[in-house]
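Please treat every number below as a calculation from the coordinates, not as lab data. The structure displayed is predicted, hence computed values, not measured ones. Virtual Cβ from ideal backbone geometry, glycine too; neighbours counted across all protein chains shown.
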Amino acid sequence: MPQYQLRVYTLRSPEALSAYEKVWAQHIPGMSKHRIATHGVWTVPAAPGSGTPRLYALVSYRDADDVQERLEAYLSSPEFRADMEGFDMSQIVGLDETLLTPTVDSPLR
């Protein structure tokens with residue numbers, strides 16, 4: 001059964017969210033080369049007057065793969081460096097990673 005991970009990025013501003021959305025579009029092919037499948041990417045704008053914008057990504061790893069090993073392989077790859085070129089990493093002010101286990105009846109099982 002694949003291992004799923006929900007990745008939630010908190011961005012500094014709406015402009016940073018827009019820029020990072022474009023970066024994520026570039027991540028998808030490179031992640032695939034490293035056996036990380038992307039199932040969806042969503043944005044949540046900041047609420048007026050409060051909060052910060054977020055980008056959510058649902059990815060999966062193959063059954064026997066070590067999640068941290070696959071992620072580190074991608075993060076140290078030329079593909080990742082090329083994707084991030086021109087994006088100021090300080091615009092990401094938070095990252096939450098949650099491993100998800102599909103239920104018996106989940107279509108993603």
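A few notes on this one:
- Of interest is the spacing of the C-alpha centroids, which for the stretch 1-79 and the stretch 93-109 amounts to 13 Å.
- Estimated FRET transfer efficiency when R0 is 22 angstrom, pair MET84-ALA46 (beta carbons, to 0.05): 0.45
- Cβ-Cβ FRET estimate between LEU75 and VAL104, R0 fixed at 35 Å, reported to 0.05: 0.60
- Once both labels are positioned 7 Å from their Cα atoms along Cα-to-Cβ, the gap between ARG62 and GLU15 label points is 4.3 nm.
- Taking 0.36 nm per residue of sequence separation and removing the Cα-Cα distance, the MET1/ALA37 pair yields an extension gain of 11.6 nm.
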